Amino acid sequence: MVSKAGKLVPAMTVNGGIPGPTLTFQEGDYAVIYVKNEMDVETSVHWHGILLPNFFDGVPYLTTPPIHPGETQKYEFPLIQSGTYWYHSHTMLQEQSGVYGSIVIEPKEKTLEYDSDLVILLSDWTNQKAMNVLRNLKRGNEWYNIKKGTATPLNQVIARGGFGAQMNFWKQRMEGADIADIYYNAFLNNGQETTQYPDYKPGDKVRVRMINGAASSQFWLTFGGEEPLLVSADGLDVVPVAHNKTFIAIAETYDFIVTIPDSGKIEIRATVQDGSGQTSAFLGKGDVLAAADVSRPDKIGMMMKMAKMDMKMGAPAMKFKPSEEEPKEMMNKWGMQMDDSMNMDNMDHKNMKMDHSKMEKSDMKMDHSKMNMEEKSTSDSSKKAAMQGMDHSKMNHNDPMNKPMEMDHKMDMEKSMDKMPGMDMFAEYNYDYLKSPEKTNFPADEPVNEVLLNLTGNMWRYIWSMNGVPLAEADKIKIEGGKVTRITLNNLTMMHHPMHLHGHFFRVINDKGEYSPLKHTVNVPPMQKITIEFEGTEEGDWFFHCHVLYHMMGGMARVFSYDTPRDPRMKEFPLKKLIKESDEYFNWGSAEIASHMTEVNLMSSNIRNQFNLNAEYGYNRNFEAEVSYERYLYDYFRVFAGVNMENEIEKSLDEISTTAVVGIRFLTPYLFNLDVRLDSKLRPEFRINREIMIFPRTTIFGSYEYQMDFGLTNTLPESGENSNYKGETTWSAGASYIFSRNFSVMGSYDNRFGAGGGLTVRF
């Protein structure tokens, strides 16, 4: 039991602490680490950013056996790099519960001038159980945005003149711009909301090693005092640059050298991306030299900008045929729509060259000459190890393009896109401030395989995927050694996705060209593209995934495979157990207890399947209940079958009719839930409902049902000229005020049950 935010809650610790201890090594040494599992559930540890043998990477059931309760697992590997890294559990959601810590590998030779080191490990903390957080996300509850004040109710949108933008978002089945999913009780650095380091003296140069070990939070770093010097990214040296406001995505690490001032103490502040909180560390003594404030994002302003752009949002997170990915077609259909001069359809599919332009090779062209692996500087040892990248040569399911795109043409396209109206809203998230001190490009004649991965998601059901295919339905991406793999990461969602590749470093192509930096994690902003590339010189299977923990668990992951024999030590640990983690069933429900009626809804759902129970009972003795199973064919469309029961005689339970029903359910543009069905009495029925948040915490809702009875299987009562047809209309409308994650008060009128009000309980 630990208290990180004013409440004792169950947690998981490493050596009794959150975070776990900093593991300090020397480059060139040999690491031996014993992990003993004293919990009652299995666990694992992944050594994030460390280049090591595949078997010790720490992804259970993929590369490494899980650590069962009571077992001790030995990890051992040579340390062929230096820098700032970290470790964390890769089992379910344990990272959120406290299983993480930092790693520092000192270089053989010190190449930078500083006096001491300070590791600052950022994290986020919730008093909820992590699985309950994910369950709340799966049910589409707006409580987290309400709680942290980032919801955009209709009254605020209208007050800003954004109703047209809201209609545009609704048309594309989007509620609004989103930045972060979860409400956190606290944001921590080194396990505390605020930390003090008073022992530093004026003039001390401190190498501050910043690590974002959060489960779901990205931060803006700002520094008081003089501009800090950014000297390292993801453990590898970069050309030093003064850089105060720095975006640190989940799983990234940045090293800064700061100088303690002659008087006062400097604040290092990490502000959460959506402005919902912050955490600070103070270095030195005296009056505070405060870090700069970071303004809260304007979500309504973002919506209004995006509505003016030719952008198609809402790309599917799951497809009708997941085995047919068609990533290029998805890119052309969704996201930022390019004009004719830049349209990907104008490319020759064979050679991936643009028909519309015959540009001469320019300075932007990647020289691709291989970095000299024999250079003797200390940093080169890290670079050499880092360049042992993967080669994602060919996907085994018709992924994108089979031959390399000319990089000068591609970069020209991206520069042109940057000039499009509205694209500047994400400009501050680029990596142009990073430059490798050594050339990182590959030989110009080395074969290149292009891979296109569209990042896709469904906020309503909280399913995340690549190319519209979640991990549970995806094939491995096959790799051939001896080639460069160039991946275009095309984000078709409104969320940031920090993408991490296990066991490798990759080039992040920026405006530094052949000096583009090497990283193990890259943040892909909303509706943006980033290109990464690396050589394939490894073996085995490696994990590639979004490091937003809940996105990974929602399916945004892939297994990259060199297609080499599986380690025989993994024989008893089938990969399907890892894959299944992203396709678990989640159960939830609600109950309305009101003065005029009672309603209960229960649901159990995974990616494709959903079971529902709905029962309504009015105190005027009207009743309806239904049990159904539905199968999602893709994001917004599912087929269902079930059994319906309701009273035949109004305000009487003397005669209950039971019928079988089949039909379709569809989330329409403008976010109406449509249900079209036919029952075993051959009675067609149409149902539609909608809910809108009009004020903070206040929603309105309504539903309409119309059933047609042509008397095809039963004799209708005589009623003059309409004796061969009977129509029945059911409707309701009401409002609800949300008190907490679990409770709301509501009032409604239903033409079957009358008017009333009461309490809604969610569980």
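The values are calculated or read from the model by the stated rules, or taken from the named source; none is laboratory data. Model, not experiment: these values are computed from the prediction. Note that each Cβ is placed from the backbone with ideal geometry, even for glycine, and that neighbours are counted across all protein chains shown. Side chains included, ligands, DNA and RNA excluded: accessible areas come from the protein's heavy atoms. Shrake-Rupley method; radii C 1.70, N 1.55, O 1.52, S 1.80 Å.
Checking each residue in the stretch 740-763 for being touching a residue at least 60 places away in the same chain (Cβ under 8 Å), closer than 18 Å to GLY589 by Cβ and surrounded by 15 or more Cβ atoms within 10 Å (Cβ to Cβ) picks out ARG741, MET746, GLY758, THR760, ARG762. Can you pull out the residues in the stretch 662-673 that are within 13 Å of TYR636 (Cβ to Cβ) and open to solvent by 40 Å² or more (accessible area, probe 1.4 Å)? Listed by number, the residues that qualify are ILE664, PHE666, PRO669, TYR670, PHE672, ASN673.
Within the stretch 100-121, the set of residues being touching a residue at least 12 places away in the same chain (Cβ under 8 Å) and more than 22 Å from ILE250 (Cα to Cα) comprises GLU106, PRO107, LYS108, GLU109, THR111, LEU112, GLU113, TYR114, ASP115, SER116.
The residues on offer are MET425, MET411, MET466, and the sole one that is in contact with a helix residue (DSSP H, G or I) (Cβ under 9 Å, 6 or more places away or on another chain) and at pLDDT 95 or above is MET466. Of everything listed in (1) more than 28 Å from the chain's Cα centre (by Cα); (2) among the aliphatic types (A, V, I, L, M); (3) farther than 24 Å from ALA186 by Cβ, the single unmet condition for LEU283 is (3). Just so you know, in the stretch 162-176 the residues that are assigned to a loop (DSSP other than H, G, I, E, B) and not aliphatic (A, V, I, L, M) include one that is farthest from PRO316 (Cα to Cα), and it is GLY162. Scanning the stretch 22-57 for residues that are within 29 Å of the chain's Cα centre (by Cα) and open to solvent by 50 Å² or more (accessible area, probe 1.4 Å), we see that the one that is farthest from SER89 (Cα to Cα) is PRO53. Taken over the stretch 113-135, residues that are open to solvent by less than 10 Å² (accessible area, probe 1.4 Å), touching a strand residue (DSSP E or B) at 6+ places or on another chain (Cβ under 9 Å) and not hydroxyl-bearing (Ser, Thr, Tyr) amount to 6.
Listed here are the residues, each with its yes/no results for (1) closer than 30 Å to PHE743 by Cα; (2) open to solvent by less than 30 Å² (accessible area, probe 1.4 Å).
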{"residue": "GLN610", "(1), (2)": "yes, yes"}
{"residue": "LEU613", "(1), (2)": "yes, no"}
{"residue": "GLU616", "(1), (2)": "yes, yes"}
{"residue": "ARG621", "(1), (2)": "yes, no"}
{"residue": "ALA641", "(1), (2)": "no, no"}
{"residue": "GLU650", "(1), (2)": "no, no"}
{"residue": "THR659", "(1), (2)": "no, yes"}
{"residue": "ARG697", "(1), (2)": "yes, no"}
{"residue": "SER703", "(1), (2)": "yes, no"}
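Among the residues in the stretch 228-251, are any without any contact (Cβ under 8 Å) to a residue 40 or more places away in the chain and at positive phi? For the stretch 228-251, residues without any contact (Cβ under 8 Å) to a residue 40 or more places away in the chain and at positive phi: absent.
Touching a strand residue (DSSP E or B) at 6+ places or on another chain (Cβ under 8 Å) and on the phi > 0 side of the Ramachandran plot - does that describe any residue in the stretch 279-299? Looking for residues that are touching a strand residue (DSSP E or B) at 6+ places or on another chain (Cβ under 8 Å) and on the phi > 0 side of the Ramachandran plot, one finds at least one in the stretch 279-299, hence yes. Listed here are the strands (runs of 3 or more DSSP E) enclosed by the stretch 419-515 that have at least 1 residues being open to solvent by 10 Å² or more (accessible area, probe 1.4 Å): 448-458.
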